[in-house]
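The values are calculated or read from the model by the stated rules, or taken from the named source; none is laboratory data. Please read all numbers here as calculations on a predicted model, not as lab measurements. Here the Cβ is made from the backbone with ideal geometry for all residues, glycine too, and neighbour counts use every protein chain on show.
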């Protein structure tokens, strides 16, 4: 019951954020631009870095199952699905000819228009690989310490491939995730000191047991020895005496 | 007593763990340097020459042989920068660290006798003025423009100078101390008493205001300040105790065409002016007669290389040098009183290098009214020489070796035998199976002959002489050197930032085999933040391609208008000669270049051409005749990508390689926003990987993430709360994607990083805990391998990342990873730590998989439990007491023995040694008992034969029974 409420609240917050972000003056709003084999780029979609992060976080929070359309999960990474704009005739033709060429390059870049127009990160994939992947791509956006976009990584998607798409669709599909910078480990002095403390304690315990007297420690060996000696004497007193006289 | 003896005997093996004196220097050597002298003093009576250098070193050299008697090396960088030196009567006074510290050193042994902290301002590039006081005994005045101090061994008296006073000159007369400078655009003179207890007067210098600006050119002598007005050609002369200036005019026509002469020296009535025209230096000696206002030109000295003024018994002498004909250098002495040349004090010397003199220091001594002259010269190729009056050279030191920027270790060829091998497989079309068979037999006979003559002969000789083989270090002919049995001896090709190139033999204590000087070399600046510059050196063809010669290339900028030209120079690394068919001065490219790299393909002559990327993103191939060869090779392959670092925008860019006239296509971009790139680590080009995985304790395999395109990029910056941090990005250079990234908060450089196989290791400074730390990162694919035959950057592999950081006791100046022939031995880290020690840190200590709590499986794998500190033990030290300072780089190379890696460090000093990261598993120890083993073997063999015979006879006897 509580989970449902939480879902509703998260949805409402997202809705508000989406509304406010629809304004273009958002520095977290990036436009996806593509280029096939030439130097000219065309805008084909947009992603909002902040929203993607929030989606990812809320997805992790809610552990949404894999059938969910909005966010897909693979391993420990949550992907948001972003559809591109429809491909027009010219782009369609370019893509078609590029798919037949081994060295054709399909490039994507992320640009923002606010505060000034600038392209932050770009990467590429061979156009043929895009065709083989069924026109689905995984985009990973890497961010730095101040949530600035560092780089874009394009990989062939392994997601949502229920049936292979062989012909060029009217739009491309991207599964987008954001990966922030990790905090590096510091020298772990605390655990080490704790370990030393435990070892010391164990040593002290050990030394306590060492304080026992010799007899109390080894009585289990001494007593049988004496018993055997005693018994041996009783069983064969003559032989012992004879041995002594020889 | 017997017990005590036994105790001592048991104690002895512990001592044997150390290094014996006779073991030092068996294969390691060190050479010490000083750098470019900025202050020099020759003292013939002590047989010493004292030098303070731009490499933060103060040294005393033996005048006769140039050996270092003592040397003090101050801290690296600005902290140890020598700002000023006073050659006092008893001590050397050195002001360092932008005037923050002053120290006095004894002339004899270089002992520090006293030290003070002076000015706390620490202004970068501050000019320190000093005066050796005549009024106060053994005392010195030092000023940094804001404060003024009188120092001696007993006390330090400091006063503050008036605010906004910009000091120009400091002079001392009998009346006290005078400071001349500017305040509020007016020239001022401040007069203090000698003890600095009283400000006597502060006045304006009217005449100076009218005529001169801040770039005023002044010279001073006792009681007198002279300044040159370049606009109107007159000298303003001032007796320092008066405020009035006297105008002395010069005939402008007498100075030739140079409109900006400089006043370089002045005395009561003599003035020396210097002009420069087309790199030619001329000196003009003017004199003032009977207080007349016009100066008279007494002498014009043309094409002067360098000069110095020496004073004996209040007589001034000008000593200057001049090339008379090719390779003939003359030193003349002029008595400045009579302005006459002293024919009795003249040096004529033959020099080989024929280079310009950057600095000349002279020392004149008078004995029985006879003058004798000793001079020291520092040439443009950074060689330092001292000469005596007879023109005999005392010594020559190659100080450019303190400025090494690029190093490669080159193998020697097998020479004649190699040619035989090549011939064996048929070089001409007429060769058929029979001739090739004949050649094969012939080669093998030659090899047998070689073996008997050379190898056995040498071994027999050694056995007879009962001494290990040792080469005589004095006479090595270049063409006699061939590869030794285990390829342990090589040529170290060192390129210096001044343009001098050396070939150093790794044996014979680092004997210089050859050297040449590339004039007008300017290094490329690779990192403006760390002030790092480089002259790239590439090995294009090794000695393995007989009959082709080995070839190396040096790429540098050329001095000239805007320094925009680029030079590619080809040479043979074994002889130091210019390569055949290449121009003597190298190929000159008119464009300036932003990236240089070696082609991944070789042309038909086994030569890998140099590819240059110019500012307009076009690729040039040098030598040009290789263009067609490699174009066809590049043409059939998919796109090759490389990175370009954009300094201004803090971004990395990747381009698609195309060998055509077109500009390159940008295919990826990485953006670091406000962070600055401080270091980039890539694999060594000859890094060998032996195993693709690690066998764990449970016999399973953990596969390494061996991405050949991965580099480590380290950036520094500040977060929104102005807290400094450093970031490490592991970047795939084909796709421009980040494989992984780490952030270290409250940390800063100096940062050193190395990358090999699937791991990175780096050092940094933790500001929060005020300690030096190191971290290691290792990447694995996991228990299965994505593709066992080849690696593609386009594959979606998410590596497992292991990372650990450790505390170390000190910071590192430089870092490198060991290299071995097949990469089977473990890869240790060689670090140059502060205080001159070179350490070898075993990999096992920095393994990021060191567990905090050990399990049975990990114990089986021989992992060490995690400890937060790496203890830098004395056993790790490679250079025992041979400390080397200010190490800027370390180069490693593989030898023919898998266990042995060669290490060469360079900085102010150079040091070479061999390391054995996995101990000497493929070598027999020196004290191996051959006699014992052979007797044992023979004994065993005889025993076996004998027992066999006895057994058979006893069996026979048994059968008869």
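Of B:911, B:916, all but one fail to be under 43 Å from the mean Cα position of the chain (by Cα) and modelled with pLDDT of 95 or more; the exception is B:911. Within region B:718-758, being within 12 Å of another protein chain (Cβ to nearest Cβ), surrounded by fewer than 19 Cβ atoms within 10 Å (Cβ to Cβ) and more than 17 Å from residue A:186 (Cβ to Cβ) holds for B:718, B:720, B:721, B:722.
As a summary of the residue check, residue B:761 satisfies the conditions (1) buried (at least 24 other Cβ atoms within 10 Å of the Cβ); (2) without any contact (Cβ under 8 Å) to a residue 40 or more places away in the chain; (3) more than 11 Å from chain A (Cβ to nearest Cβ) except for the one numbered (2).
Looking across region B:252-273, the residues that are in contact with a strand residue (DSSP E or B) (Cβ under 9 Å, 6 or more places away or on another chain) and not in a loop (DSSP other than H, G, I, E, B) come down to B:254, B:255, B:262, B:263, B:264, B:265, B:266, B:270, B:271, B:272, B:273.
For residue B:604, indicate whether it is surrounded by fewer than 13 Cβ atoms within 10 Å (Cβ to Cβ) and in contact with a helix residue (DSSP H, G or I) (Cβ under 9 Å, 6 or more places away or on another chain). So residue B:604 fits the description; yes. Do we have any residue at all in region A:124-135 that's assigned to a loop (DSSP other than H, G, I, E, B) and within 9 Å of another protein chain (Cβ to nearest Cβ)? Looking for residues that are assigned to a loop (DSSP other than H, G, I, E, B) and within 9 Å of another protein chain (Cβ to nearest Cβ), one finds none in region A:124-135, hence no.
Filtering region B:649-671 to residues that are facing chain A (nearest Cβ under 7 Å), without any contact (Cβ under 8 Å) to a residue 60 or more places away in the chain and buried (at least 21 other Cβ atoms within 10 Å of the Cβ) leaves only B:671. Taking each residue of region B:615-640 that is farther than 19 Å from residue B:667 by Cβ and looking for partners that are modelled with pLDDT of 75 or more and part of a helix (DSSP H, G or I) with beta-carbon atoms closer than 6 Å, six or more apart or interchain, yields B:621/B:627. A single entry from B:339, B:345 fulfils the requirement of being surrounded by fewer than 21 Cβ atoms within 10 Å (Cβ to Cβ), in contact (Cβ under 8 Å) with a residue 24 or more places away in the chain and farther than 26 Å from residue B:397 by Cβ: B:339.
Only one entry of A:172, A:159, A:231 meets the criterion of being within 14 Å of chain B (Cβ to nearest Cβ) and either surrounded by 10 or more Cβ atoms within 10 Å (Cβ to Cβ) or at pLDDT below 90 (or both), and that entry is A:159. Remark: residue B:866 falls outside the filter, which requires a residue to be modelled with pLDDT of 95 or more, crowded, with 18+ Cβ neighbours inside 10 Å and at negative phi.
A single member of B:858, B:778, B:773 is over 24 Å from the mean Cα position of the chain (by Cα) and within 15 Å of residue B:704 (Cα to Cα), and it is B:778.
If a residue must be in contact with a strand residue (DSSP E or B) (Cβ under 6 Å, 6 or more places away or on another chain) and at pLDDT 85 or above, how many such residues does region B:667-691 contain? Qualifying residue count for the region: 16. Counting only residues that are surrounded by 15 or more Cβ atoms within 10 Å (Cβ to Cβ) and either more than 14 Å from chain A (Cβ to nearest Cβ) or over 16 Å from residue A:184 (Cα atoms) (or both), region B:702-717 holds 9 of them.
Listed here are the residues, each with its yes/no results for (1) more than 18 Å from the chain's Cα centre (by Cα); (2) part of a strand (DSSP E or B); (3) closer than 30 Å to residue B:366 by Cα.
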| residue | (1), (2), (3) |
| --- | --- |
| B:46 | yes, no, yes |
| B:49 | yes, yes, yes |
| B:52 | no, yes, yes |
| B:55 | no, no, no |
| B:60 | yes, yes, yes |
| B:64 | yes, no, yes |
| B:72 | no, yes, no |
| B:83 | yes, yes, no |
| B:86 | yes, yes, yes |
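For region B:80-97, the count of residues that are in contact (Cβ under 8 Å) with a residue 12 or more places away in the chain, in contact with a helix residue (DSSP H, G or I) (Cβ under 7 Å, 6 or more places away or on another chain) and either surrounded by 15 or more Cβ atoms within 10 Å (Cβ to Cβ) or more than 26 Å from residue B:395 (Cβ to Cβ) (or both) is nonzero. Scanning region A:100-117 for residues that are facing chain B (nearest Cβ under 9 Å) and modelled with pLDDT under 90, which turns out surrounded by the fewest Cβ atoms within 10 Å (Cβ to Cβ)? For region A:100-117, the residue satisfying everything is A:102.
Residue pairs whose Cβ atoms lie under 8 Å apart, separated by 6 or more positions or on different chains, with the first residue in region B:321-334 and under 14 Å from residue B:353 (Cα atoms) and the second surrounded by fewer than 13 Cβ atoms within 10 Å (Cβ to Cβ) and modelled with pLDDT under 85, are B:327/B:352. Filtered by the rule that a residue be at pLDDT 90 or above, closer than 20 Å to residue B:684 by Cα and within 14 Å of chain A (Cβ to nearest Cβ), region B:779-830 gives a lone residue, B:779. The number of residues in region B:527-563 being farther than 30 Å from residue B:606 by Cα and in contact with a helix residue (DSSP H, G or I) (Cβ under 9 Å, 6 or more places away or on another chain) comes to 1. Hey, among the residues in region B:817-849 that are part of a loop (DSSP other than H, G, I, E, B) and out of contact with any strand residue (DSSP E or B) (no Cβ under 6 Å at 6 or more places or on another chain), which one's surrounded by the fewest Cβ atoms within 10 Å (Cβ to Cβ)? Ranking the qualifying residues of region B:817-849, first place goes to B:822.
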